[in-house]
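A short worksheet on the structure shown next.
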2 protein chains.
Amino acid sequence: MNSRRIDPSLRRLILASLFLAGVPGLVQAGEYQDDLKARRARAMAELDPGTAMVLWSADAKLYSRDVNYEYRQDSNLLYLTGITQEDTILVLMPGAATKKEVLFVQAANPQREHRNGHILTKAEATALSGIETVYFFSDFEPFLTSMFNARNYGLRRGVSTTEWDVFFAEVRAGRGKLALLLGPRPAPSRKLPEVYEWANRFRERFFGVAVIDSLSIVEGLRQIKTPYEQKVLERSVQISAEGHRAGMRAAAPGKFEYEVEAAIEQVYLTNGAMSWGYPSIVGSGPNSTILHYEASSRKMEAGDLLLVDAAASYQGLTGDITRTTPASGAYSPTQKDIYRLVLAAQEAGMGAARVGNKTADVEKASEEVIKAGLLKLGLITDDKGEQFRTWYTHGICHWIGMDVHDVGDYDRPLAAGMAFVVEPGLYIRPQALDNLPDTPENQVFKTKVGPAVQKYQNIGVRVEDSFLLTDAGLKRLSTDAPRTIEEVEAWMKGTTREKR
Amino acid sequence: MNSRRIDPSLRRLILASLFLAGVPGLVQAGEYQDDLKARRARAMAELDPGTAMVLWSADAKLYSRDVNYEYRQDSNLLYLTGITQEDTILVLMPGAATKKEVLFVQAANPQREHRNGHILTKAEATALSGIETVYFFSDFEPFLTSMFNARNYGLRRGVSTTEWDVFFAEVRAGRGKLALLLGPRPAPSRKLPEVYEWANRFRERFFGVAVIDSLSIVEGLRQIKTPYEQKVLERSVQISAEGHRAGMRAAAPGKFEYEVEAAIEQVYLTNGAMSWGYPSIVGSGPNSTILHYEASSRKMEAGDLLLVDAAASYQGLTGDITRTTPASGAYSPTQKDIYRLVLAAQEAGMGAARVGNKTADVEKASEEVIKAGLLKLGLITDDKGEQFRTWYTHGICHWIGMDVHDVGDYDRPLAAGMAFVVEPGLYIRPQALDNLPDTPENQVFKTKVGPAVQKYQNIGVRVEDSFLLTDAGLKRLSTDAPRTIEEVEAWMKGTTREKR
């Protein structure tokens, strides 16, 4: 590789153009662009006419020295523009007559394009995003300054328009607002995130303009997947499920965890999913009890469980799947005990995942099954309190979408179009007992559950599926990944025919 | 994946432990640790006795929302400690009697370890790094403050030692120095990098202590590979070469670039190289003329060239290999013209890569061949000036090692132990003519070379090998990747037997 700074901003850019033309059997030409337009319209419907909402692209992240990681666009900007290129800014102004949407993109640069590939022209940015008004990145600050000075930016270019008359009137009336996606306020002693620093510089210049946080608007929209998103998410999860199937077949005593990871991730790329949604977790034996074990460096042994938590990011959408399978192809009786309990908890959670319920109801349904089951297995002595948390250490619901832990309000009742996982897990780590405070109650607990902990030690099982809630009920998107004991053992024996 | 912040800091940590035990046929048990000790001793030999040199681990880099990229340790800290964990600090103090090396690591944290895996104990940190004195991360600031106050840190813990007497005497005599790896000074209008901010906070507190930049010391050491590094680099390049072979076999008209990438990267993982050294470049047809094309999204066509620039990072060392191969298995006559010229230029560069020469000599030898060849092909009209730069757009030598563009002084004469690439490339992009300034001379140039540019348009060829300079001469580490026209065509036909 020749020695210039690497700037891998174009990988996902090109992907968006696939979607411009459509993908046979999945999306029509222009469908993505129509969806993007509708998303922006919905965002603007939440804003007052004197508001300009500004979103920035993500910065490139340094891997080491002059090499960057593969570029990842900011999810919110991607959600509203489809643009996967660095140095992109979106301004939404519902108070404008027609130029409500203004996009700022990099200018052409022949040297840079020879190094890193094509930079979108303004026309291409319009075609990809559906945004008609496109300026160059360097125009952003003069533009925004003009707007909040209530002066027509077009005049600078010899063009007089009345585009922004309503917006200007609002600003002059003291109702101007700059809406930024600020997010959580950092603690006073912490460093300010860049968007806060920028907001403060703005406040030092524009005294009469309110700075407001519009993060919840965009996050609220993202919580309900559009029909377009639903289709693409389903395809994304299918690719991930296919990866899991390949991973199961690649596992065997004597092989390394990273060989399973290689088999899974090759499936992603081969299917045009250019990245994982999160680094793959491939943990065998005792590593199955580590929630986010990512070393993938252990050699599997006969009798090991292998916990694989992995999903692709396809066209900006990611599911989330975990399977826990026997390295040698058959679960042991103790592994089956834990596995069946986790699966029963998942089924109970799925049963509660209905329109109108909340994720807390899903959590509760699953917990009840876990408590009863752990008591029966002798791993707890009391199914009323919090003892079960010793082995059942995390929540089981989170939203999925553009981010694997997608944005969304957990107090909002479940509704059609929401996508989430149900992922109970039990991790029988002997260390968990050592870490309990040394109280008389805990002494008794340790003594009583000791034999069962000994019996089930180092068994970690998590079963996670990706779901879409529809008006017709709960749809499991990850059905292609073998899930029950019988399905898994049959698949690993090779008796299940490859479906597609 | 359950919803806690992902912190993939352990992937490479575990790898270092492989090296503690040794790798059969490659390194002995303890060999890595002995090498690390020798590196630190060499660094300290360059420092005055009143100096404390401080190095920090890299920060985790955010991918999106609560997911981080896979963690990449700071190369310099890794070079001196072998520790791949976040929140690690090394202090080197040649003026200490025995505790010259002090390592600060994360404290144990059962919750975090259940989420993300094992955190090194102090004993493990000692075993991996060979550093006897290990404190917790939270002790770093009190320790450093004590040192530059010339007060024994041990006293805080009820231990009186004379470890640091010489250092303290130097500090009291006004010869105390804090050595940081500062790197290039940012322009006055630019934001200060964190290490500069930290240095300034230190200067606001310790008026009599000089802050000095010790980057060149560590970089100077890294420029000459140790025998241990040479072996591991050679293995790393072999894995990359094996990836290229798999990639060549995966290429075919009708297949996508990303399928080739999948085949290559699976070879990395399968061989225990857990990451690329840089994002893979897989560019077919016109994309072969983009130096760092990383989209990998085009469908290959018959007649395409496919430029693949890819290498694994194995145990912290990365080579760099580029091959340009015909998608359909046979080069066209025009492709052969360009390929042969690039290969001849590489051979000329290799011939000049001798002990005592500089990389400028390698560049020059290659350029002479390129100029003569381009003139002969009708792509330039004058082989004296800079016309050849229209098609030959980058330098051909850079150091390799822990970073793909490794650190090192280009004015330092070539010496045994240096590792570098020779990578000439020609990129016949019609756009290159459009971008020339519109002068009468350029008009003439365009007219004269027009037919040849037409003939060779969209052909991009780069040939890059990784080399180690030894006392016995130049050693090509990437011999396993087919390189000549004959070797490539034979390999793609499948007539070459897989070597290993």
Task: Conditions (1) at pLDDT 95 or above; (2) farther than 21 Å from B:GLU234 by Cα; (3) not in a helix (DSSP H, G or I): number failed by B:LEU414 - done: (2)
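Within the range A:59-68, can you find the residues that are out of contact with any His (no Cβ under 9 Å at 6 or more places or on another chain), in contact (Cβ under 8 Å) with a residue 24 or more places away in the chain and crowded, with 20+ Cβ neighbours inside 10 Å? It would help to see each step written out before you state the result.
Within the range A:59-68, the first condition is being out of contact with any His (no Cβ under 9 Å at 6 or more places or on another chain), and the residues that meet it are A:59-64, A:68.
Imposing the further condition that a residue be in contact (Cβ under 8 Å) with a residue 24 or more places away in the chain reduces the set to A:59-60, A:68.
Scanning the range A:59-68 gives a single hit, A:ASN68.
Any residue at all in the range B:430-443 that is farther than 25 Å from B:GLU367 by Cβ, of a type outside the set (Gly, Ala, Ser) and in a helix (DSSP H, G or I)? Can you show your working first?
Kept after step one, since they are farther than 25 Å from B:GLU367 by Cβ, are these residues of the range B:430-443: B:438, B:440, B:443.
Remaining after also requiring of a type outside the set (Gly, Ala, Ser): B:438, B:440, B:443.
Checking which are in a helix (DSSP H, G or I) leaves us with B:440, B:443.
Yes, the conditions are met somewhere in the range B:430-443.
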- [ ] Could you grab the pairs with beta carbons closer than 6 Å, sequence gap of 6+ or different chains, first residue in the range A:257-270 and not assigned by TED's automatic domain parsing to the domain that holds A:GLY285 and part of a helix (DSSP H, G or I), second one among the aromatic types (Phe, Trp, Tyr) and surrounded by fewer than 23 Cβ atoms within 10 Å (Cβ to Cβ)?
- [x] none
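In this structure, is B:LEU128 assigned by TED's automatic domain parsing to the domain that holds B:LYS37 and either in contact with a strand residue (DSSP E or B) (Cβ under 7 Å, 6 or more places away or on another chain) or free of Cβ contacts under 8 Å to residues at least 60 places away in the same chain (or both)? Before the answer, list the steps.
Numbers: assigned by TED's automatic domain parsing to the domain that holds B:LYS37: yes; either in contact with a strand residue (DSSP E or B) (Cβ under 7 Å, 6 or more places away or on another chain) or free of Cβ contacts under 8 Å to residues at least 60 places away in the same chain (or both): no.
So B:LEU128 fails the test.
Given the criteria under 30 Å from B:TRP491 (Cα atoms) and without any contact (Cβ under 8 Å) to a residue 40 or more places away in the chain, does B:ALA210 qualify? So that I can check it myself, show each step before the final result.
Numbers: under 30 Å from B:TRP491 (Cα atoms): no; without any contact (Cβ under 8 Å) to a residue 40 or more places away in the chain: yes.
Taking the combined requirement at face value, the residue does not satisfy it.
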TODO: Would you mind finding the one in A:SER57, A:SER64 that is modelled with pLDDT of 95 or more and within 14 Å of chain B (Cβ to nearest Cβ)?
DONE: A:SER57
TODO: Determine whether the range A:71-85 contains at least one residue that is in contact with a helix residue (DSSP H, G or I) (Cβ under 6 Å, 6 or more places away or on another chain), within 14 Å of chain B (Cβ to nearest Cβ) and under 29 Å from B:PRO430 (Cβ atoms).
DONE: yes
Open item on the list: Of all residues being surrounded by fewer than 18 Cβ atoms within 10 Å (Cβ to Cβ) and hydrophobic (A, V, I, L, M, F, W, C) in the range B:126-139, which is farthest from B:MET93 (Cα to Cα)? Just the residue, please.
Closed with: B:ALA127
Task: All positions within the range B:215-237 that are in contact with an Asp or Glu (Cβ under 6 Å, 6 or more places away or on another chain) and either in a helix (DSSP H, G or I) or among the aliphatic types (A, V, I, L, M) (or both) - done: B:ILE217, B:TYR228
- [ ] Find all pairs meeting these conditions: Cβ atoms under 8 angstrom apart; at least six residues apart or on different chains; first residue within the range A:403-417 and within 8 Å of another protein chain (Cβ to nearest Cβ) and without any contact (Cβ under 8 Å) to a residue 24 or more places away in the chain; second residue among the hydroxyl-bearing types (Ser, Thr, Tyr) and in a loop (DSSP other than H, G, I, E, B).
- [x] A:HIS405/B:SER3
TODO: Being under 30 Å from B:GLU31 (Cβ atoms) and surrounded by fewer than 13 Cβ atoms within 10 Å (Cβ to Cβ) narrows it down to one of B:ALA187, B:ALA123, B:ALA179, B:ALA173, so name that one.
DONE: B:ALA123
Open item on the list: Which numbered condition in (1) in contact with a Pro (Cβ under 6 Å, 6 or more places away or on another chain); (2) at pLDDT below 95 is the only one that B:GLN431 fails?
Closed with: (1)
TODO: Taking B:VAL461 as the residue in question, decide whether it is more than 29 Å from the chain's Cα centre (by Cα), at pLDDT 95 or above and of a type in the set (Val, Ile, Thr).
DONE: no
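Considering only residues of the range B:447-478 that are of a type in the set (Asp, Glu) and surrounded by 15 or more Cβ atoms within 10 Å (Cβ to Cβ), which is nearest to the other protein chains (Cβ to nearest Cβ)? Let's see the steps before the verdict.
Initial filter on the range B:447-478 (of a type in the set (Asp, Glu)): B:464-465, B:471.
With surrounded by 15 or more Cβ atoms within 10 Å (Cβ to Cβ) added as a condition, the list becomes B:464-465.
Details: B:GLU464: 7, B:ASP465: 12 Å.
Only one residue fits best here, namely B:GLU464.
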TODO: Report yes if some residue within the range A:454-461 is assigned by TED's automatic domain parsing to the domain that holds A:MET248, within 22 Å of A:VAL282 (Cα to Cα) and part of a helix (DSSP H, G or I); otherwise report no.
DONE: yes
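Any idea which of B:PRO430, B:PRO424 is within 23 Å of B:SER284 (Cβ to Cβ), within 14 Å of another protein chain (Cβ to nearest Cβ), under 33 Å from the mean Cα position of the chain (by Cα) and crowded, with 19+ Cβ neighbours inside 10 Å? Full working, then the answer.
Working: B:PRO430 fails: crowded, with 19+ Cβ neighbours inside 10 Å.
It is B:PRO424.
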- [ ] Report, by residue number, each residue of the range B:240-269 that is surrounded by fewer than 23 Cβ atoms within 10 Å (Cβ to Cβ), more than 25 Å from the chain's Cα centre (by Cα) and more than 11 Å from chain A (Cβ to nearest Cβ).
- [x] B:ARG249, B:ALA252, B:PRO253, B:GLY254
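For the range A:131-141, how many residues are part of a helix (DSSP H, G or I) and touching a strand residue (DSSP E or B) at 6+ places or on another chain (Cβ under 7 Å)? It would help to see each step written out before you state the result.
Of all residues in the range A:131-141, those part of a helix (DSSP H, G or I) come to A:137-141.
Adding the requirement that they be touching a strand residue (DSSP E or B) at 6+ places or on another chain (Cβ under 7 Å) leaves A:137, A:139-140.
Residues meeting the conditions: 3.
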Task: Pair list, Cβ < 6 Å and 6+ apart or interchain, from the range B:137-149 residues that are among the hydroxyl-bearing types (Ser, Thr, Tyr) to residues that are not in a loop (DSSP other than H, G, I, E, B) - done: B:SER146/B:TYR153
Open item on the list: One residue is enough: does the range A:206-222 have a residue meeting the conditions modelled with pLDDT under 95, at positive phi and surrounded by fewer than 16 Cβ atoms within 10 Å (Cβ to Cβ)?
Closed with: no
Task: Qualifying residues in the range A:281-296 (those that are within 7 Å of chain B (Cβ to nearest Cβ), of a type outside the set (Gly, Ala, Ser) and touching a helix residue (DSSP H, G or I) at 6+ places or on another chain (Cβ under 6 Å)) - the one nearest to B:TYR71 (Cα to Cα) - done: A:GLU294
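The values are calculated or read from the model by the stated rules, or taken from the named source; none is laboratory data. Every value quoted in this text rests on a predicted model; they were computed, and no experiment measured them. FYI the Cβ positions are ideal-geometry reconstructions off the backbone, even for glycines, and counts take in every protein chain you see.
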